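To start, the structure itself, in structure tokens.
The values are calculated or read from the model by the stated rules, or taken from the named source; none is laboratory data. Owing to the predicted nature of the structure, the values given are computational and were not obtained by experimental measurement. Counting neighbours? That spans all protein chains shown, and the Cβs are built from the backbone with ideal geometry, glycine included.
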Amino acid sequence: MYQRNDFEGTALDCLKDFRQRMSNLAPFIHLARKLTGFQKYGEVDMISVGFSVLLFVLENMLIGREECSIDNIADFLQLLLKRSYDINMTQEESREMAFYIRDSIAGSGGEVVDFKFRNLETNKDESISIKLIDTSYYEIKKSARYKLTDQGMELLFKTREIYSEFRINITQLYLKQQIEKGVFSGALQTVNELNLQVRQLREKLESLLLNIRQNVLGIDFEDLKQLFSRIKEQFEIERREFGNIKRILKEHRENIEKINYFELEEDELRKLEQINVLTEKLNITTAEHDRLFNEKLDIVGEYLKTIEIRLRQGVSEFIDFEKSIFDVFISINLNPEPLKSILSPLFTNNASLKVFNLFKALEPQRIKSEALEDDRESIDIELAMEMKEKEEREERERRDKKVMAYLEAILLEAYYEGESHLSQALARLDENLYNTASFDFDFYSLVVILHQNKLIDFKDLEDILSRMVRDTSTYNINIYYLFERIFDKKPELRALKTLLLISGDKKISFENGNEITDFIIKGEK
Amino acid sequence: MENFSPDSVRKAFSLFMNLIEKSKISKKDEPELFMSYEDPEISYIMRIFEEESGIMVLHSSDTLYYTPRTDNRFFGFTNEELRDKMGFANNTELYLSYIIILSIIIKFFNGENYNNKIRTMLNVEELEAYITSKLQAVEAMENNEEIDEALNFNFRSISKLWLDMPAYDEKIKNFSQSKGTRISYIYRTIKFLQEQGLVNLDNDSEIYTTDKMDTLVISYYPESTRKREILSFIERI
């Protein structure tokens, strides 16, 4: 039962922002529903014609011309129907059609129409206001002028062929905005979307290449050249944009890292981690995008190569397997023996080529099967993953050991001195580690974490550890886990009951110019 | 091109043997070998090998395949070998299998004016329905006993075998091992085509042609002299 509920919960996640999505869909449905009722010219596709009127209105708005009147629309319709259907409409008829289309799209030239729908997210009946065109100017008893509303413009924008090609770019702009505003959790979701779009782009390019290989004679070279230059240009824009996003992310990271340690909030640490994850994911997406750019983009080259291969193979003619072969057999009831000759070029008989060598019996037996090959391959992948995990583990361990050394010094001060200073703890470090600490972000992070934790009570340690799953990310410093390791190494320190780091007035100045508050360390046994 | 360098002959022979052994040479897996075919001298020697061995090398943009020329008994199959391979008792069953293969080609490659690939997937059920409708047309024609007697075999014997069988029997668990239904014959044929690297079967009923099949059908058959040769097989009867 729980499982079913869980499933339902996950499945219903797709309904999130249902209203928003419906409000994007609604203008299209509205347009299709309203335009289908014009009976006078049965052969005229009213959806196409009505849609073309929207385009005409937009065109008039774009080129700075005076916005169009109903007579302009009527003239346009007259021209259109003559050209596409060879229908000669009188001025009166074209005005009638223009009014019909106007009323269909927007009531009497500008009223808001309610589009009713069931919001499946909230399970309520709701409505969306639709207003695609509006009167921009009118004088009583004179012709009004029409313009598209924002909603109408948006609808037209969404129908542009180029829209899908710009999808990656639009998502990039969105991502850039999110990063600039510091909405990193939202940015993470956008990077995932971007990743999906790059994968879709790969599929699109692969199917284009496949189409070239399978259907090279049906492709118009000029169209292909244009497509190629468009894709190439778009790729370049996207590449530049990826570079920009990475730069902005880097700047954000550097800005946070520049903040003085005692001003670092938990929020900033979280942001830093998000930036880390974001950078990693973005790198994967960018690498895939670059790979596509380098490997898949030679579309024209692929076309020329395929044409060359086809030319080398001689003059091609269409062979109709159905009419010239199958139907001939059927219609005159032929002996099917020639089918063998027709199909035999498809099959190769490698088995007949094998000859047994008697000395084979003396060789050690080597059994090689497909299953083994598969196993080997999967082992290789597993091995690669294992190697990667191993590297990550080692990296984490190196870092843990370093942070443990800082922490141990602080604990030793607390244990032996009861009350001491951070400068004293630092004095316990060897020279190398002392120098490292002076510019090590981990050292500053550790001190901030200890300070923010206020009074750390070690009697809770076991309880905390038992409830905690070891965080394997390389970024987080897990002080509880490190305490436990230090206590295992130096059991006498277990006598410490509490630890507290409080600010003081003094500062420690490192040789490299960095400064840090000389925190007071307090330990109670 | 009279005096070939020993190195070119060696490379051409290596290419030839690899192609025969593996049935294909792909640019991705064996870039050096694949590219050697581009060398004019090696390519010339390969053409001599092709002529003498009765095969033909087919070239897609990133893979080389070969096909035995019609009735090549060394690299091709005899009817008997094919019957053994697919487990058929007689030639009528084998011919039925040819019809199934021909129908797969029709369904995938019979474009409007040229032999391009017109679909990516074919359902087994659709294939069965297509063959059935075609063979029903044979049954519907007037009986012509004279041709029957003169040739021992004819199309009617194949259509009778097909149409007398049920299309499908849900009791059968492994269709490629059985023979009692039309679907069984399709699966047997597909199994053979899979072994030949020509098709793949997904979700138990979706047939996909491989790059090898696409290259063979699109490159081999439509060439004008081969087309005439193929059609002449039928005209000769």
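Only one of B:SER103, B:SER60 is within 26 Å of B:ASP29 (Cα to Cα), at the interface with chain A (Cβ under 9 Å from one of its Cβ atoms) and either among the hydroxyl-bearing types (Ser, Thr, Tyr) or surrounded by fewer than 18 Cβ atoms within 10 Å (Cβ to Cβ) (or both). Can you tell me which? Quick ask: steps written out before the conclusion?
Details: B:SER103 fails: within 26 Å of B:ASP29 (Cα to Cα).
Answer to the selection: B:SER60.
Within the stretch B:213-224, the residues that satisfy the criterion of being at pLDDT below 90 and more than 7 Å from chain A (Cβ to nearest Cβ) are B:THR215, B:VAL217.
Within the stretch B:73-89, does at least one residue satisfy the condition of being more than 7 Å from chain A (Cβ to nearest Cβ), at pLDDT 90 or above and either closer than 23 Å to B:LEU231 by Cβ or not in a helix (DSSP H, G or I) (or both)? So far as the stretch B:73-89 goes, no, none of its residues is more than 7 Å from chain A (Cβ to nearest Cβ), at pLDDT 90 or above and either closer than 23 Å to B:LEU231 by Cβ or not in a helix (DSSP H, G or I) (or both). Being out of contact with any helix residue (DSSP H, G or I) (no Cβ under 7 Å at 6 or more places or on another chain) and either of a type outside the set (D, E, K, R) or surrounded by 15 or more Cβ atoms within 10 Å (Cβ to Cβ) (or both) is not true of B:PHE4.
Could you pull out the residue among A:LYS340, A:LYS323 that is within 14 Å of chain B (Cβ to nearest Cβ), at pLDDT 80 or above, surrounded by fewer than 13 Cβ atoms within 10 Å (Cβ to Cβ) and assigned to a helix (DSSP H, G or I)?
Values: A:LYS340 fails: surrounded by fewer than 13 Cβ atoms within 10 Å (Cβ to Cβ).
Checking each option against the conditions leaves just A:LYS323.
Among residues that are out of contact with any Lys or Arg (no Cβ under 9 Å at 6 or more places or on another chain), farther than 19 Å from B:ILE230 by Cβ and more than 10 Å from chain A (Cβ to nearest Cβ), B:GLU21 is not included. When each of A:LEU278, A:LEU272, A:LEU304 is tested for being assigned to a helix (DSSP H, G or I) and modelled with pLDDT of 85 or more, the lone residue that passes is A:LEU278.
Taking the stretch B:187-237 as the range and being among the hydroxyl-bearing types (Ser, Thr, Tyr) and without any contact (Cβ under 8 Å) to a residue 12 or more places away in the chain as the test, the residues that pass are B:SER224, B:THR225, B:SER232. For the stretch B:24-55, the set of residues classified as within 13 Å of chain A (Cβ to nearest Cβ), in contact with a Phe, Trp or Tyr (Cβ under 9 Å, 6 or more places away or on another chain) and not in a helix (DSSP H, G or I) consists of B:LYS24, B:LYS27, B:LYS28, B:GLY54, B:ILE55, listed by residue number.
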